[in-house]
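Report on the following structure.
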Amino acid sequence: MTREIQEIKEIQEIKSIKEKNPWKEVVKKYVDSEFLYSETNDFVCESDREIIEAFNQKVDDEYKYHLNVPAYPWYGNPLKANVIVLSLNPGYVEREVVIAKVIQNIEKQYSEGYTEHLRKMLTFDCDGFLPDDKGAHGMTYRDLANLHQSWYWWDRLNKAFVNNETGLTFEDVNSNFAVIQYIGYSSEKYSPFKSGVILPTQEYMKELIKYLLIHNQNVIFIVPRNVQKWNHILGNLWDDERFIVSKDYLGQRFTKSILGEDAFNKVVKAFKSKI
């Protein structure tokens, strides 16, 4: 196969994985900043709705999926990342709801870069994990993202990878990092579906990971949570040395002492590699 034919094939396959993306329909509801917290809309894929609503009717409040805040099936752009964390599901925190309401009430010039980043994430069109570190009058879009997320990922990525030993800057990490969730909807605590139930969006997530394993030889997956469930849903895809199991289930931290030296060095090498 010539180089030109190979490139055409790769473009067609990227187009295909984007076209199959079930979250495209949800983006249509992400208008202005209203979607950060909505009292009128829900942000659920229609193919998931029946299962999610039936689940929510049966479980205690702490396990219910909150559909009036953004869905995060992934964060960042998995198609442009070499280091991808496979997590469980987004946490629902009342503090972040309060912050979302504050963001909704500030002038659009301050928030539009952040909300646009979230929209582009769901269609694989954003360029990094956190939005650009720019904005109006000294308050950046990245500031809003960090505030909204309680500085969760900024803290973990900086402490693990941005230092003289690795030689990585935060921009090196930010441009090459993503998170994929086992379930894309937020809850205070996780409770599994009954045995055998899989969301249609989870089927797509599996297809996405298979695509990444085939088409990005530099990709590394870090699995800090839900290891058995990831193993089960991925099946024989799991039998790949590019999956690294972390030792920090609750904190999702990725220092050398937690990942182990060999695994940590693999991750640093992946950050420095080009897709």
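What the table shows:
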read-out: Test: residue in segment 52-67 that is assigned to a strand (DSSP E or B) and within 30 Å of PHE221 (Cβ to Cβ); value: yes
read-out: Hits in segment 194-241 (condition: in a loop (DSSP other than H, G, I, E, B), more than 23 Å from ASN82 (Cβ to Cβ) and free of Cβ contacts under 8 Å to residues at least 60 places away in the same chain); value: LYS194, SER195, GLY196, ILE198
read-out: Residues of segment 115-146 satisfying the condition of being outside any loop (DSSP other than H, G, I, E, B), in contact (Cβ under 8 Å) with a residue 24 or more places away in the chain and either among the acidic types (Asp, Glu) or surrounded by fewer than 16 Cβ atoms within 10 Å (Cβ to Cβ) (or both); value: ALA136, HIS137
read-out: Verdict on ASN158 being free of Cβ contacts under 8 Å to residues at least 40 places away in the same chain and either closer than 16 Å to GLN252 by Cβ or of a type outside the set (Asp, Glu) (or both); value: yes
read-out: Selection count, segment 219-262, where residues are open to solvent by 20 Å² or more (accessible area, probe 1.4 Å), within 23 Å of LYS206 (Cα to Cα) and among the aliphatic types (A, V, I, L, M); value: 3
read-out: Pick from segment 160-179, criterion in contact with a Ser or Thr (Cβ under 7 Å, 6 or more places away or on another chain) and not small (Gly, Ala, Ser), ranking: surrounded by the most Cβ atoms within 10 Å (Cβ to Cβ); value: VAL179
read-out: Odd one out for SER191 among (1) at pLDDT 95 or above; (2) in a loop (DSSP other than H, G, I, E, B); (3) under 24 Å from ASN146 (Cβ atoms); (4) small (Gly, Ala, Ser); value: (3)
read-out: Which numbered condition LEU208 fails, given (1) of a type in the set (A, V, I, L, M, F, W, C); (2) more than 24 Å from PRO70 (Cα to Cα); (3) open to solvent by less than 30 Å² (accessible area, probe 1.4 Å); value: (2)
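Here is a yes/no grid of residues against (1) farther than 23 Å from LEU79 by Cα; (2) surrounded by fewer than 18 Cβ atoms within 10 Å (Cβ to Cβ); (3) in contact with a strand residue (DSSP E or B) (Cβ under 7 Å, 6 or more places away or on another chain); (4) not acidic (Asp, Glu):
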| residue | (1), (2), (3), (4) |
| --- | --- |
| SER16 | no, yes, no, yes |
| LYS20 | no, yes, no, yes |
| VAL26 | no, no, no, yes |
| LEU36 | yes, no, no, yes |
| ASN41 | yes, yes, no, yes |
| GLU53 | yes, yes, no, no |
| GLN57 | yes, yes, no, yes |
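The values are calculated or read from the model by the stated rules, or taken from the named source; none is laboratory data. The structure displayed is predicted, hence computed values, not measured ones. As a convention, Cβ positions derive from the backbone with ideal geometry for all residues, glycine included, and neighbour counts pool all protein chains shown. In case anyone asks, the SASA skips ligands and DNA or RNA and just uses the protein heavy atoms, side chains included. Shrake-Rupley method; radii C 1.70, N 1.55, O 1.52, S 1.80 Å.
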